[in-house]
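Here is the structure we will look at.
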Amino acid sequence: KIFNKGKEENQITEKRAIRIGLFQCLSLIPGTSRSMATIVGGMANGLTRKRAAEYSFFLAVPTMAGATVLDMYDLLNSDSTWASAHNLTMLAVGCVVSFIVALLAMKWFVSFLAKYGFKWFGWYRIIVGLIIIIMLLCDIPLNMVD
């Protein structure tokens, strides 16, 4: 109820974007979702659920692109033998397919949030968290790789 004050006419100004970015910094806390921190920040700053979710997804693009460029730089500096024409082509195809699938998933998720809100997402996070805690308490390994 606190966050249902968003208005469709509210625009993302520079001041609002900085405040939302400060909320995104909360995702540095382990276990905190970057997208959820950004969505909550957007809603706390007067955006609707739909607009806050869209902004969060669009904000992820430069974040993910920067992380990818940094990883590629580190990888090329350590071992560039993998950078054959075939591997680079497969990497490019994978990036394009991933981008298309991400756009489709974003469209579906934003419409889901606009219709149902965050209730089901919250329950999902709680249930998965409880399963992980139970697995840890029962000494069940969380990784499947030996």
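Just so it is clear, none of the values below were taken in a lab; they were calculated from the coordinates. Treat the numbers as computed from the prediction; the structure is a model and nothing was measured.
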Using a Gaussian network model on the chain with a 10 Å cutoff between Cα atoms, which of Ile132, Ile100, Ile39 fluctuates the most?
Ile132
Let me know the Rg and Dmax you get for the chain when you use only its Cα atoms, in Å.
18.9, 55
Quick one: angle between helix 49-78 and the longest Cα principal axis of the chain, in degrees between 0 and 90, rounded to 10, please.
20 degrees
GNM of the chain, Cα pairs under 10 angstrom: of Ala37, Ala52, Ala85, the biggest fluctuation goes to Ala85
Where a ≥ b ≥ c are the square roots of the eigenvalues of the C-alpha gyration tensor, would you call the range 16-78 rounded, which needs a/c under 1.5, or, failing that, prolate if a/b is larger than b/c, or oblate?
prolate
Working out 0.36 nm times the residue gap between Glu9 and Phe109, then minus their Cα-Cα distance, what length gain in nm do you get to one decimal?
33.8 nm
